[in-house]
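Notes for the one structure printed next.
The values are calculated or read from the model by the stated rules, or taken from the named source; none is laboratory data. Because the structure is predicted, anything quoted here is derived from the model rather than measured. FYI the Cβ positions are ideal-geometry reconstructions off the backbone, even for glycines, and counts take in every protein chain you see. Just so you know, the surface numbers come from the protein's heavy atoms only, side chains and all, with ligands and any DNA or RNA stripped out. Shrake-Rupley method; radii C 1.70, N 1.55, O 1.52, S 1.80 Å.
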Amino acid sequence: MPATTSSEFDTHTAVRPDGPGRYAAELASGWEVGGGLNGGYLLATIGTAVRAAVPDKPDPLAISAHYVSASVAGPAAIEVDVRREGGTTATVAADLSQDGAPRITALVTCGDLGRLSGPERVTATEPDLPPREQCVPNTLAPPELRAVAPLMDRFEMLFHPDQVGWTVGRPSRNGVLSAWFRLPDREPDPLALLLVVDALPPVTFDLGLPGWAPTLELTAHVRARPAPGWLKVCHRSRVLAGGLFEEDAEVWDSAGRLVAQSRQLALAPRQG
């Protein structure tokens, strides 16, 4: 599955120059979930614009995005402002808007993961997922979920069989979801990881709260360029209060490395 510009992901996150510091995008409807487009897909599109603005620092090391309003399929503009560019990293502000309405405002630190080096110490543990043939494919998701989340047709997910009770009304209430993940026509890279950290259903499904969970803020750290092959993704939440919950994500590659982390604050689905 070589990464090519003809892959669906690359086509749908593509941008083109539209004046100084400005890029135009055509947001695709296939990435919808609930009342808008998926936050990870939008983050990857912003990352594409930032990469175009600072091409010698192609990797989004850290990105923090505030979701001002729901994005919809159609034309979008991305304003990019390089605040500082040093030898190793650059700091870039990026704003995505549609018809003059602000959708996302983000701050990005980018660099070249291939040029970074130093000591390593990782105490995080890789998700304990059963072999893929023992997991539950997203193609078996309830029809009502697939109807409101067409983005599930954009990639392959194989869920831990002990964490899909929510699909039949029996959530574990542990606040954990994990799955194998891959794009069908493309190997993972740092831009794709921005999608992956927000690709699983909201972890609130496992808390017995199904429904759309709009993201308010999402911060992602890309730690390494992923090896080819399937990724392991785990989402968990420890605090649900005041109608808000946090969702922490980890992404591990086929070589057993932690390649991305994220935390987001989102609105809990409304019940009744």
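Computed quantities for the displayed model
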item: Whichever residue in the stretch 224-272 is free of Cβ contacts under 8 Å to residues at least 24 places away in the same chain and among the aliphatic types (A, V, I, L, M) and, among such residues, is farthest from residue 183 (Cα to Cα); result: 241
item: Some residue of the stretch 234-246 being modelled with pLDDT of 95 or more, aliphatic (A, V, I, L, M) and within 20 Å of residue 61 (Cα to Cα); result: no
item: Residues satisfying the stated conditions in the stretch 218-248, i.e. assigned to a strand (DSSP E or B) and farther than 23 Å from residue 69 by Cβ; result: 221, 222, 231, 232, 233, 234, 235, 236, 240, 241, 248
item: Residue among 193, 145, 177 that alone is among the aliphatic types (A, V, I, L, M) and within 28 Å of residue 111 (Cα to Cα); result: 193
item: Residue list for the stretch 9-22, filter: open to solvent by 40 Å² or more (accessible area, probe 1.4 Å), among the small types (Gly, Ala, Ser) and touching a helix residue (DSSP H, G or I) at 6+ places or on another chain (Cβ under 9 Å); result: 14
item: Elements of type strands (runs of 3 or more DSSP E) in the stretch 86-178, at least 3 residues being within 24 Å of residue 8 (Cα to Cα) and more than 22 Å from the chain's Cα centre (by Cα); result: none
item: Sole residue being more than 28 Å from residue 185 (Cβ to Cβ), in contact (Cβ under 8 Å) with a residue 40 or more places away in the chain and open to solvent by 20 Å² or more (accessible area, probe 1.4 Å), chosen from 79, 126, 120; result: 79
item: Residue check, residue 49 of a type in the set (A, V, I, L, M, F, W, C) and over 23 Å from residue 200 (Cα atoms); result: yes
item: Qualifying positions in the stretch 48-65 - open to solvent by 10 Å² or more (accessible area, probe 1.4 Å) and either within 11 Å of the chain's Cα centre (by Cα) or farther than 20 Å from residue 86 by Cβ (or both); result: 48
item: Some residue of the stretch 172-188 being open to solvent by 20 Å² or more (accessible area, probe 1.4 Å), under 25 Å from residue 36 (Cβ atoms) and of a type in the set (D, E, K, R); result: yes
item: Test: residue in the stretch 249-272 that is in a loop (DSSP other than H, G, I, E, B), out of contact with any helix residue (DSSP H, G or I) (no Cβ under 9 Å at 6 or more places or on another chain), among the polar types (S, T, N, Q) and within 19 Å of residue 149 (Cβ to Cβ); result: yes
item: Residue within the stretch 16-27 that is in a loop (DSSP other than H, G, I, E, B), free of Cβ contacts under 8 Å to residues at least 60 places away in the same chain, farther than 23 Å from residue 189 by Cα and not charged (D, E, K, R) present; result: yes
item: Residue match in the stretch 32-42 (condition: in contact (Cβ under 8 Å) with a residue 12 or more places away in the chain, out of contact with any Leu (no Cβ under 8 Å at 6 or more places or on another chain), among the aliphatic types (A, V, I, L, M) and outside any loop (DSSP other than H, G, I, E, B)); result: no
item: Candidate set: the stretch 23-47, residues that are closer than 15 Å to residue 196 by Cα and of a type in the set (Ser, Thr, Tyr); chosen: the one surrounded by the fewest Cβ atoms within 10 Å (Cβ to Cβ); result: 41
item: Residues of the stretch 191-218 classified as under 24 Å from residue 46 (Cα atoms), open to solvent by 20 Å² or more (accessible area, probe 1.4 Å) and not β-branched (Val, Ile, Thr), total; result: 5
